[in-house]
Each structure stands twice: as C-alpha cells, then as structure tokens.
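Engineer: Take this structure first; my questions come after.
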Amino acid sequence: MQATPKYFIIDFDSTFTKVEAFDVLADISLNGNPEKESIKKQIAEITNRGMDGSLALRDSIEQRIKLLAPEKKHLNQLAHHLKELVSESFKRNKDFFSNNADRIYIISNGFREFIAPVVTEYGVKDENILANEFCFDDRGKIVGFDDSNPLASNNGKAAQLKKLNLNGDVYVIGDGYTDYEIKHAGLANKFYAFTENVERQKVLANADHIAPSLDEFLYLNKLNTNISYPKNRINVLLLEGVHPVALELMKAEGFTVESFAAGLEEEELCEKIKNVSVLGIRSKTQVTAKVLENANRLMAIGAFCIGTNQIDLSEATKKGIAVFNAPFSNTRSVVELAIAEMILLMRNIPDKSNKMHQGKWDKSAKGSFEVRGKKLGIIGYGNIGAQLSVLAENLGMKVFYFDAEERLALGNATKCKTLKELLTAVDVVTLHVDGRERNANMIGPNEFNLMKKGVIFLNLSRGHVVDVKALRENILTGKVAGCAVDVFPYEPISNDEEFVSELRGLPNCILTPHIGGSTLEAQENIGSFVPGKLMDYINTGSTSNSVNFPNLTLPVLENAHRLIHVHNNVPGILAKINQILATHGINIVGQYLKTNEQIGYVITDINKEYNKEVIKELRAIPHTIKFRVLY
C-alpha cells in the first residue's frame, strides 16, 4: 500500500528567517533618514497587528510600503542580509529541504523578490515559492504591489493553497495568524506554531502543536533529521553569571537555556537539576553526590573555570556524565593579577593606600622593594605557573618552581626537587596548584616556618590548600610581610552574602573575591570554549578535553547512525557490543574505543538499516552506564 504523500507549507518572515523582512528593509531604505527609528517602530507595530489578525493584510502591506519608500536596488541588499539571518534550526536541517524539495512550499505574504534568493539556496523549487510581487516605476522605485495576487488579501494563504489542490497530508509551519488560517479553512492536517524567533499568543492559542524549532517538527513527524532528539528538549542550566556569549551559543544551537546570576545551594540545585541535560557552573556551585543523584537526565557538566574540585568527579563518572572545563582560557588573567599583586606587596602599597584614604601622608621607602632581582617560588608549574614563570623572568626575577609531576623548565627557571628546597630559597611564594584532596593544607605552620622572614605570599589557586589560621599568625608576627589571597575555604554563594575571614583587616594584605580569571577577555574566552566542548559531545560524542572521560576526538558522522556506549571498565564489553551487532547483521562502518580507570567509552558507527531491538539489547549489556544514539 502506497504511503500518503506529505506536503509542507512553510512561512518565510520570522519562520524561515529570524526576522521580519520589512524590519530589515527599513534599516536599508531609511538609512540617513532622521525619522528612521520612529518609522521603524511604526512598521513593527503594523507588522504585529497584521500577523495577529487585528489589521487587514492588504492595509498592513500598503502602510509599510508607504513608510519605507523602498527601491529595487534595496532588495538585493535585503536578500543578502536575509541569507545571513536564516533560522538556526533551518540551517541545521538543510537535508530536509533537499530530500523533500517536491513537497515543500513557501507560502508568504512577503515578496518573491527577496524570498526566492534565500530559499532557493536550500533547494526549494522556484515554482514552489508563492508570494506577493512588487510593482516598479521606470526609475526602479517601488510604487505598489500586484493587488490581484490572493496573498495580498486576508485568507490569501488559504486561497493560494486551495488552488494547489494538494492530494495528501498537509502540515503548516509558521508564526502568524495567516498561517493558522490555512488550517482553519480545512486545508491542512495540522498547524505548527513556530516559536524559535517570535511568539504571538493569539497564534499559540490556535496551534495544534508548538514547535520551538524545526528539530521539534521533524522529530514529532518522524522525518529524516540530523539529530536523534530535538535540541529544544535539551535543557541547559547556567549558574553564577556565566558570560552571555555562552547563552547565545547554546541558544543558537537550539537548546532551551535558563541562567542565573548566582549559584544555588545544594537543596535548590537538587530540585532544579531534575530535568536538566547540561549544567554550566563556575567555581562556587558544589555539584555533590546528592545533586548528581537527582540529575536523572544530566549528560554533561561544563565548568566555566579551570578547577573542577567543586564537582564530585568520581560520582559524575559513575553516572556517565562527562565533565569539561576551561584549562587555558583565563591563564593570562590570573598571571597578570599575580604579577600586579607581587609588585604592590613588595612596595607595601595596600597599607600606604589605606593611610591615604584616612588622610595620612606617609612618604617613606622603608619596606619598599623592586621585584627585579628577587627570587620567585612557583608552587604548581601547570598552565598558569609556567606562564607566570616567563613573565616574571622578563621582569628580572629569578624563578624557582616545584611540581609533584615532571614539568619541563621554561627559560632560565630552576626546578626544585622538594617543596622545602623552594620555600627556604625564595622571597616570594605563589601557589598555582589544583584542588585535589591531597593538596589540602599543603601550606601550614611547618611550611611557613621554612620561609624567609619578610616573605611575600600569594594564593590564587584554591582556598583549602592553605591553613588560613597559620597564615594569619605569620602575618601578625611579621614572618609574612605581605600576602594576596583570591580564594578561600568557604566563599559566599552570591554577592549578597557577607564575606567572613580571619584575614580581614590584616596589614599589607590584599583580599580579592575569587576574581583571578574574572576579566572580560577571560570570561568571553571561557564562554566560547566550554560550550564548544559541550556541543561537540552532545552532537558528535567527542570527549576532547573532558576531565573525567577518556578523550576521543571523532570525525563528523555521515550517512550512518552513531551509537555511544558508556560502561564500567570491565573486560568483554566491546565483544558483547559487536556480537549483538553481528547477530542482527549490522555492518560497522567505524568504531572507536578508549578507557580510563573507571569507565570505557565506545563509539560505533553503523549503516542506517537496523532493527530497533538492537537498541534494547545494547542498553541491557551488563555494566552499561549510559547509552544514546546519534543520527
């Protein structure tokens, strides 16, 4: 029995494109007009009234053309702009248009002159574009439009579709009341209100379904698509004021994104995370085992910072949740702060500045030194420590470093075999270690005793690596001549909470609210880097730069299904996967495996024809943690 053909009627303005074309045309045709902003507001109001049905369509078109006074030359510019403003979910699903070109119609109350150049690039046939057409005078000015075209009148879309006499199921996708009128006239099976770009309440109230993206429409109708699940159903939660660029990138990808300026306490996060697929945090939010126990849908966590000790990585790994961070994006910012604080402390600037604010003029060179020629001790020679080493050496400092791992010296830096060797030799001590448990209180009373009298001490790494009480005592005795601390064992969850510390009010002491990486440049870099890793993981399965998953960089998937299998690292899982596939006669076109101590990560690309029972069997393999299919 032959399947009933399906026809797809798609609106143009604010559906195929993100914008109303007349709004963009206003920027072009009114360029230089002193009344431009006022006219644009009028045009937007007229557009909305026409779209929600409160203004006759013909009147809407006539009024906007009169206000715009456009010319033929403006239309080429308009088409060029509109090509850059195609809706993101339409861009993602270009195959849908090429695969269904015979059955896709663009029916719009807009104008062919700017619609055709845009939609034909997606494979839409020219004869399937039904729209209004402008009328021009001899000088190329637009003087009106073909008012005999049904699309210039109310219910024009329904009238135009009726003429087509399509024999099959008809689905309408649009954002306006004129799109709903097609269904209302009995000419379509279903009307999908498209809300990726704009929401009109009157339209939503009359829709059969709300489609936040084209992904959702394709998913609901079991049509060929590049994804296994609509991205608008993937909920992203971003906390602690993650940079807006991250929001923009993830929204552009089609995810549903919610963001908060502050972090959330454990109980709040336990409740909030229940329907979240991707969590983005900075350094304050504690992702505990209890939080992860409530995270039934969580696929990935993005730490928009360097450290990940605020995340229970072991528990995340057990649950098959990939964690990504930004190990390089804010290193320069932290290094610059360390350099600045060293110089300020060596010159005793904090105390001198405070006295000036109290009206005291204390001009003296006592206790004030250059950094040139001084010995700098860097504890932790990773990305930050190594870059600090280079810059400090350029300031004329002699650099010593200690790291638990083998690290190659940069420039003329001297590697110390032990922490004791470093602490007894240097004038300035700066910490740049990670937050692992073994580093807790690595600098305590014994370590301060080893330091020179008058040492300058900096901690821009993690709060728990220093015994704060011991630091306070050594500042008060003068053993530590100055200190700068950016991180604390407990840090306020938001800017509204009081900061409490034993270090408040101490002499020559710089306290900063965990802002080592908080520069606009660093936050923007992080805001771009972390979403890229999260989206690669969701879209392709790539785990490059994951801190807890085996790292795999995968090729883009073409003409195959990608099966992602996360399991406990026990022998025989790969054999079981391949046995199931072989039993069902499924051809493997590519396979990738990597393991770490806890888990195994298998990516299998297979040909498109397969029995759905296969998925059940793969999920049922003993020791499976997570399984998903990518299209």
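The values are calculated or read from the model by the stated rules, or taken from the named source; none is laboratory data. Model, not experiment: these values are computed from the prediction. Because the Cβ atoms are built from the backbone with ideal geometry, glycine has one as well, and the counts that use them run over all protein chains shown.
Engineer: Restricting to strands (runs of 3 or more DSSP E) lying wholly in the stretch 122-192: which have 1 or more residues that are in contact with a Leu (Cβ under 6 Å, 6 or more places away or on another chain)? Walk me through it before giving the result.
Structural biologist: Working: elements: 129-132, 134-136, 142-145, 169-174.
By residue number, 129-132.
Engineer: Could you please find all residues in the stretch 193-214 being part of a helix (DSSP H, G or I) and modelled with pLDDT of 90 or more? Steps first, answer last, please.
Structural biologist: Within the stretch 193-214, the subset part of a helix (DSSP H, G or I) is 201-204, 214.
Answer for the stretch 193-214, where residues must be part of a helix (DSSP H, G or I) and modelled with pLDDT of 90 or more: LEU204, LEU214.
Engineer: A follow-up question, please. For the stretch 553-562, enumerate the residues that are farther than 15 Å from MET299 by Cβ and either surrounded by 18 or more Cβ atoms within 10 Å (Cβ to Cβ) or at pLDDT 95 or above (or both).
Structural biologist: Filtering the stretch 553-562 for residues farther than 15 Å from MET299 by Cβ gives 553-561.
Residues satisfying the conditions are LEU554, LEU557, HIS561.
Engineer: While we're looking at this one, here's another question. Please go through (1) in contact with a helix residue (DSSP H, G or I) (Cβ under 9 Å, 6 or more places away or on another chain); (2) surrounded by fewer than 22 Cβ atoms within 10 Å (Cβ to Cβ); (3) over 27 Å from VAL480 (Cβ atoms) for LEU344 and return the number of the only condition it doesn't satisfy.
Structural biologist: (3)
Engineer: Condition first: surrounded by fewer than 21 Cβ atoms within 10 Å (Cβ to Cβ) and either in a loop (DSSP other than H, G, I, E, B) or of a type in the set (A, V, I, L, M, F, W, C) (or both). Now tell me which residues in the stretch 519-528 satisfy that.
Structural biologist: If we filter the stretch 519-528 for residues that are surrounded by fewer than 21 Cβ atoms within 10 Å (Cβ to Cβ), which is where we start, we get 519-521, 524, 528.
If the condition is that a residue be surrounded by fewer than 21 Cβ atoms within 10 Å (Cβ to Cβ) and either in a loop (DSSP other than H, G, I, E, B) or of a type in the set (A, V, I, L, M, F, W, C) (or both), then THR519, LEU520 are the ones that fit.
Engineer: Scan the stretch 375-431 for residues that are in contact with a strand residue (DSSP E or B) (Cβ under 8 Å, 6 or more places away or on another chain), over 20 Å from LEU345 (Cβ atoms) and touching a residue at least 40 places away in the same chain (Cβ under 8 Å) and jot them down.
Structural biologist: Scanning the stretch 375-431 gives TYR381, LEU419.
Engineer: Would you mind finding the one in LEU345, LEU337 that is of a type outside the set (S, T, N, Q), in contact with a Cys (Cβ under 9 Å, 6 or more places away or on another chain), modelled with pLDDT of 95 or more and outside the structural domain of VAL245 (by TED's automatic domain parsing)?
Structural biologist: Details: LEU337 fails: in contact with a Cys (Cβ under 9 Å, 6 or more places away or on another chain).
Just one listed residue meets the conditions, LEU345.
Engineer: Then there's this: Quick one: count up the residues across the stretch 138-163 that are of a type in the set (D, E, K, R), in contact (Cβ under 8 Å) with a residue 40 or more places away in the chain and either crowded, with 20+ Cβ neighbours inside 10 Å or under 21 Å from ASP179 (Cα atoms) (or both).
Structural biologist: 2
Engineer: Could you grab me the full set of residues in the stretch 265-294 that are at pLDDT 95 or above, assigned to a loop (DSSP other than H, G, I, E, B) and more than 20 Å from LYS251 (Cα to Cα)?
Structural biologist: THR288, ASN294
Engineer: For the stretch 94-101, does any single residue satisfy the condition of being part of a helix (DSSP H, G or I) and more than 31 Å from the chain's Cα centre (by Cα)? Give the derivation first.
Structural biologist: In the first step, residues of the stretch 94-101 are kept if they are part of a helix (DSSP H, G or I); the result is 94-99, 101.
Of the ones still in play, those that are also more than 31 Å from the chain's Cα centre (by Cα) are 101.
Yes, the conditions are met somewhere in the stretch 94-101.
Table: residues versus (1) farther than 30 Å from LEU218 by Cα; (2) aliphatic (A, V, I, L, M); (3) in contact with a Gly (Cβ under 7 Å, 6 or more places away or on another chain); (4) in contact (Cβ under 8 Å) with a residue 40 or more places away in the chain.
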| site | (1), (2), (3), (4) |
| --- | --- |
| ARG64 | yes, no, no, yes |
| LYS73 | yes, no, yes, yes |
| SER87 | no, no, no, yes |
| ASP102 | no, no, no, no |
| ILE115 | no, yes, no, yes |
| VAL119 | no, yes, no, yes |
| ASP126 | no, no, no, no |
| ASN132 | no, no, yes, yes |
| PHE136 | yes, no, no, yes |
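Engineer: Just a yes or no: is a residue in the stretch 83-90 hydroxyl-bearing (Ser, Thr, Tyr), in the same structural domain as ASP126 (by TED's automatic domain parsing), surrounded by 14 or more Cβ atoms within 10 Å (Cβ to Cβ) and modelled with pLDDT of 90 or more?
Structural biologist: Going through the stretch 83-90, the residues hydroxyl-bearing (Ser, Thr, Tyr) turn out to be 87, 89.
Among the residues that remain, those that are also in the same structural domain as ASP126 (by TED's automatic domain parsing) are: 87, 89.
Imposing the further condition that a residue be surrounded by 14 or more Cβ atoms within 10 Å (Cβ to Cβ) reduces the set to 87, 89.
Pick out the ones that are also modelled with pLDDT of 90 or more and you get 87, 89.
There is at least one residue in the stretch 83-90 that is hydroxyl-bearing (Ser, Thr, Tyr), in the same structural domain as ASP126 (by TED's automatic domain parsing), surrounded by 14 or more Cβ atoms within 10 Å (Cβ to Cβ) and modelled with pLDDT of 90 or more.
Engineer: Take the residues of the stretch 241-260 that are outside any helix (DSSP H, G or I) and touching a residue at least 40 places away in the same chain (Cβ under 8 Å): which is nearest to GLU293 (Cα to Cα)? Full working, then the answer.
Structural biologist: First, pick out the residues of the stretch 241-260 that are outside any helix (DSSP H, G or I): 241-243, 253-260.
Okay, now just the ones that are also touching a residue at least 40 places away in the same chain (Cβ under 8 Å), so 241-243, 253-254, 256.
Details: GLY241: 25, VAL242: 24, HIS243: 28, GLU253: 28, GLY254: 27, THR256: 22 Å.
For the stretch 241-260, the residue satisfying everything is THR256.
Engineer: Then there's this: Which strands (runs of 3 or more DSSP E) sit wholly inside the stretch 447-518 and have at least 1 residues that are in contact (Cβ under 8 Å) with a residue 12 or more places away in the chain, closer than 20 Å to GLY380 by Cα and in contact with a strand residue (DSSP E or B) (Cβ under 9 Å, 6 or more places away or on another chain)? Let's see the steps before the verdict.
Structural biologist: Numbers: elements: 455-459, 480-485, 509-511.
In the stretch 447-518, the matching strands (runs of 3 or more DSSP E) lie at 455-459, 480-485.
Engineer: Does the stretch 352-369 include one or more residues that are at pLDDT below 95 and surrounded by 18 or more Cβ atoms within 10 Å (Cβ to Cβ)?
Structural biologist: yes
Engineer: Could you tell me how many of the residues in the stretch 215-239 are in a loop (DSSP other than H, G, I, E, B) and modelled with pLDDT of 85 or more?
Structural biologist: Of all residues in the stretch 215-239, those in a loop (DSSP other than H, G, I, E, B) come to 221-230, 234, 239.
Checking the rest, the ones that are also modelled with pLDDT of 85 or more come to 221, 234, 239.
The total comes to 3.
Engineer: Based on this model, can you work out whether ALA338 counts as aliphatic (A, V, I, L, M), more than 30 Å from ALA425 (Cβ to Cβ) and either touching a helix residue (DSSP H, G or I) at 6+ places or on another chain (Cβ under 6 Å) or in contact (Cβ under 8 Å) with a residue 12 or more places away in the chain (or both)?
Structural biologist: Numbers: aliphatic (A, V, I, L, M): yes; more than 30 Å from ALA425 (Cβ to Cβ): no; either touching a helix residue (DSSP H, G or I) at 6+ places or on another chain (Cβ under 6 Å) or in contact (Cβ under 8 Å) with a residue 12 or more places away in the chain (or both): yes.
Taking the combined requirement at face value, the residue does not satisfy it.
Engineer: In the stretch 578-631, what residues are in contact with a Pro (Cβ under 8 Å, 6 or more places away or on another chain), within 14 Å of ARG562 (Cβ to Cβ) and buried (at least 16 other Cβ atoms within 10 Å of the Cβ)?
Structural biologist: Initial filter on the stretch 578-631 (in contact with a Pro (Cβ under 8 Å, 6 or more places away or on another chain)): 590, 594-596, 599-601.
Narrowing further to those that are within 14 Å of ARG562 (Cβ to Cβ): 590, 601.
The one that is in contact with a Pro (Cβ under 8 Å, 6 or more places away or on another chain), within 14 Å of ARG562 (Cβ to Cβ) and buried (at least 16 other Cβ atoms within 10 Å of the Cβ): TYR601.
Engineer: Checking the condition under 14 Å from PRO531 (Cβ atoms) and either out of contact with any Cys (no Cβ under 6 Å at 6 or more places or on another chain) or without any contact (Cβ under 8 Å) to a residue 40 or more places away in the chain (or both), which residue from GLY280, GLY320, GLY307 passes?
Structural biologist: Working: GLY320 fails: under 14 Å from PRO531 (Cβ atoms); GLY307 fails: under 14 Å from PRO531 (Cβ atoms).
Answer to the selection: GLY280.
Engineer: For the stretch 582-621, which residues satisfy the criterion of being of a type in the set (Val, Ile, Thr) and not in a strand (DSSP E or B)? Show your work before the answer.
Structural biologist: From the stretch 582-621, those of a type in the set (Val, Ile, Thr) are 583, 586, 588-589, 595, 599, 602-604, 606, 614-615, 621; that's our starting set.
Selection gives THR583, ILE586, VAL614, ILE615, ILE621.
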